[in-house]
1. Can you name every residue in the stretch 5-43 that is at pLDDT 90 or above, among the charged types (D, E, K, R) and surrounded by fewer than 19 Cβ atoms within 10 Å (Cβ to Cβ)?
2. Would you check if Ser46 is open to solvent by less than 70 Å² (accessible area, probe 1.4 Å) and over 19 Å from the mean Cα position of the chain (by Cα)?
3. Within the stretch 49-92, can you find the residues that are open to solvent by less than 70 Å² (accessible area, probe 1.4 Å), of a type in the set (Lys, Arg) and touching a Phe, Trp or Tyr at 6+ places or on another chain (Cβ under 8 Å)?
4. Pairs please, first residue from the stretch 111-136 and closer than 21 Å to Pro183 by Cβ, second anywhere and buried (at least 18 other Cβ atoms within 10 Å of the Cβ) and of a type in the set (Gly, Ala, Ser), Cβ atoms under 6 Å, 6+ apart in sequence or on different chains.
5. Would you please name the residue that is surrounded by the fewest Cβ atoms within 10 Å (Cβ to Cβ), looking only at residues in the stretch 202-223 that are more than 17 Å from Met128 (Cβ to Cβ) and either among the aliphatic types (A, V, I, L, M) or at pLDDT below 95 (or both)?
6. Do the conditions hold for Ser168, that is, is it polar (S, T, N, Q) and in contact (Cβ under 8 Å) with a residue 12 or more places away in the chain?
7. If I filter the stretch 213-229 for residues that are out of contact with any Gly (no Cβ under 9 Å at 6 or more places or on another chain) and over 25 Å from Gln102 (Cβ atoms), do I get at least one hit?
8. Across the stretch 93-118, what is the number of residues that are out of contact with any Asp or Glu (no Cβ under 6 Å at 6 or more places or on another chain) and either open to solvent by less than 40 Å² (accessible area, probe 1.4 Å) or part of a strand (DSSP E or B) (or both)?
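The values are calculated or read from the model by the stated rules, or taken from the named source; none is laboratory data. Quick caveat, the model's predicted, so the values are computed rather than measured. Here the Cβ positions follow ideal geometry from the backbone for every residue, glycine too, while neighbour counts run over all protein chains shown. All accessible areas refer to the heavy atoms of the entire protein, side chains included, with ligands and DNA or RNA removed. Shrake-Rupley method; radii C 1.70, N 1.55, O 1.52, S 1.80 Å.
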Amino acid sequence: MPEFNFSDREVFSQRYLKPLLIDPLEERLNAMPDYTLTLPAGAVASGQGAINDKSGVTASNAGLRARFVRTPSGWYYGDHVLLQWQQPGDVSHQRESEQDLQYGVSVTEQPDMAGVPRLTVDLYGSLMRYERDAVSQTVGRGRQVDLGRGWARATLHWSLQLQLIVDSGGRANLVSRVRKAAPVADGGKSGAYIASDPLAHLLNLPRLTQAWDHGSASLSAVQDYLVARLAAAIEPALAND
């Protein structure tokens, strides 16, 4: 196998990072359900103000999934969806459901703990979910009574840094550092809204967190499967570089 200079970020990115991390991560992300298709049974989409913004996909290619696109320092994956819909009936709900899913990978040179510049890969994943509900009731003669509004938002985020390091004994390692933030969530209401706790009513935060922590593109999945394969491929080559 030919040797590669690991200080050449583009060579490293194309030889190792893209086939072993970027491409399989994209496959995992796009194997998950498309949020544009997640309306509950009986929901009626309004279409006005809807957003379906996916990286690497033009508006004319509706139905395609997002792609990782190149940036000056690496790659970016973004899937931003806003759905406006309603649940009709005597008590009707005018709803907004929004999801903003982002993943990023950058390749730079940063100092390690000893101050030595090292080839460094930074990854992050973030998920924002937002729900808004405006409720009205039909009373006599078709008159509508406003029953108030509620909203809820939750944001989840993690980051992972990888550095290529050769220790004093000549052993090559891919060293990782993890930062995982606690979920950030808030909610509110106005008027005589139907639930005292809109956050619990509109967003099932435990279920959302469970899916984020244990899904096929979660931090643990990236570490246990993708980063492990990347390390197995590059550590022998790094030792000989």
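1. Result: Arg15, Lys18, Asp23, Glu27, Arg28, Asp34.
2. Answer is yes for this residue.
3. If the condition is that a residue be open to solvent by less than 70 Å² (accessible area, probe 1.4 Å), of a type in the set (Lys, Arg) and touching a Phe, Trp or Tyr at 6+ places or on another chain (Cβ under 8 Å), then no residue fits.
4. Tyr124/Gly104; Arg129/Ala154; Glu131/Ser97; Glu131/Ala152; Asp133/Gly150
5. Top of the filtered list is Ala221.
6. It is false that Ser168 is polar (S, T, N, Q) and in contact (Cβ under 8 Å) with a residue 12 or more places away in the chain.
7. Initial filter on the stretch 213-229 (out of contact with any Gly (no Cβ under 9 Å at 6 or more places or on another chain)): 213-216, 220, 223-229.
Within this subset, residues satisfying the condition of being over 25 Å from Gln102 (Cβ atoms) are none.
Taking every residue of the stretch 213-229 in turn, none turns out to be out of contact with any Gly (no Cβ under 9 Å at 6 or more places or on another chain) and over 25 Å from Gln102 (Cβ atoms).
8. Our first condition is that a residue be out of contact with any Asp or Glu (no Cβ under 6 Å at 6 or more places or on another chain); within the stretch 93-118, this holds for 94, 96, 98-100, 102-105, 107-116.
Narrowing the set further to residues that are either open to solvent by less than 40 Å² (accessible area, probe 1.4 Å) or part of a strand (DSSP E or B) (or both) leaves 94, 96, 98-100, 102-105, 107-112.
Within the stretch 93-118, residues that are out of contact with any Asp or Glu (no Cβ under 6 Å at 6 or more places or on another chain) and either open to solvent by less than 40 Å² (accessible area, probe 1.4 Å) or part of a strand (DSSP E or B) (or both) number 15.
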